[in-house]
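The values are calculated or read from the model by the stated rules, or taken from the named source; none is laboratory data. Keep in mind that what you see is a predicted model, and the values were worked out from it rather than measured. All Cβ positions, glycine included, derive from the backbone under ideal geometry; neighbour counts span all protein chains shown.
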Amino acid sequence: MKSPLRSELRGLPFEAPAAPSWAEGLKGAELGVVRSRLRIRQKNESEKRPGWRPVPCPSRWLQGVSCIGFFPARPDWDEPSALPVFPVSSTKIQIAYPSLEDDKLSFRVAQPEDLRPNRKWGVLEVIPGQKAPIVEPELLFVPCLLADLQGHRIGRGGGFYDAYLKTRPNLFSVGLIHSDYVLRKIPESWLHAGDQKVSALMTDSFYCQFSPDGEAFL
């Protein structure tokens with residue numbers, strides 16, 4: 001059965017905004033340097049201006065998705081919570097939170113009292129040992145430090161989401177990221193063999209979905 005999240009791609013190809021000026025200063029840099037510079041820049045941005053909200057979600061998402069994941073412990077400018085994506089009135093959405101045990105990522109349906117902040121990765125996670133059922137998401141929000149319009153993303157370096165997506169090639173994944181950190185194309189030197197593409201990007205100003213050959217469509 002075809003997932004309602006994967007509607008037919010129709011319409012004009014999405015045109016990317018101009019490359020952000022900060023990207024020029026990172027040309028030729030190693031990936032470790034890129035991650036460090038991005039974290040510093042995003043931290044400075046979060047202190048200068050208020051948090052941002054993603055654009056409204058596509059209506060097909062409200063037909064009842066099994067769960068969503070990735071919730072920063074302290075939602076701010078560079079890493080907003082996925083919750084504002086959905087209308088408050090939506091009652092069909094089942095929310096799951098990340099659980100990291102033995103360096104393996106899973107998602108569990110949990111209550112607020114079952115959660116704690118993971119200080120190393122800055123996310124809310126299910127407390128180990130809690131009796132929270134593991135679920136397989138239909139829709140998964142993925143953290144990004146940087147993304148491009150071919151579906152590539154650079155995460156925070158743990159590789160947990162890449163490993164999770166690699167074993168679930170049909171999972172609909174959405175990179176949640178501010179438009180200031182979306183490039184037309186991430187340099188090949190910043191990517192590695194284990195990186196997994198996302199199905200779509202959701203930012204403060206646009207939503208786009210990727211076709212199998214990497215084209216971006218509205």
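Tabulated results
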read-out	value
Wholly within segment 143-218, strands (runs of 3 or more DSSP E) carrying at least 2 residues that are among the aliphatic types (A, V, I, L, M) and touching a strand residue (DSSP E or B) at 6+ places or on another chain (Cβ under 8 Å)	146-148, 172-176, 200-202
G155, sole failed condition from (1) of a type outside the set (D, E, K, R); (2) in contact with a Cys (Cβ under 9 Å, 6 or more places away or on another chain); (3) under 26 Å from E30 (Cα atoms); (4) in contact (Cβ under 8 Å) with a residue 60 or more places away in the chain	(4)
Residue that is modelled with the lowest pLDDT [pool: residues in segment 25-57 that are farther than 18 Å from S179 by Cα and outside any helix (DSSP H, G or I)]	K27
Unmet requirement for R184, which otherwise passes all of (1) surrounded by 18 or more Cβ atoms within 10 Å (Cβ to Cβ); (2) out of contact with any His (no Cβ under 8 Å at 6 or more places or on another chain); (3) modelled with pLDDT of 85 or more	(1)
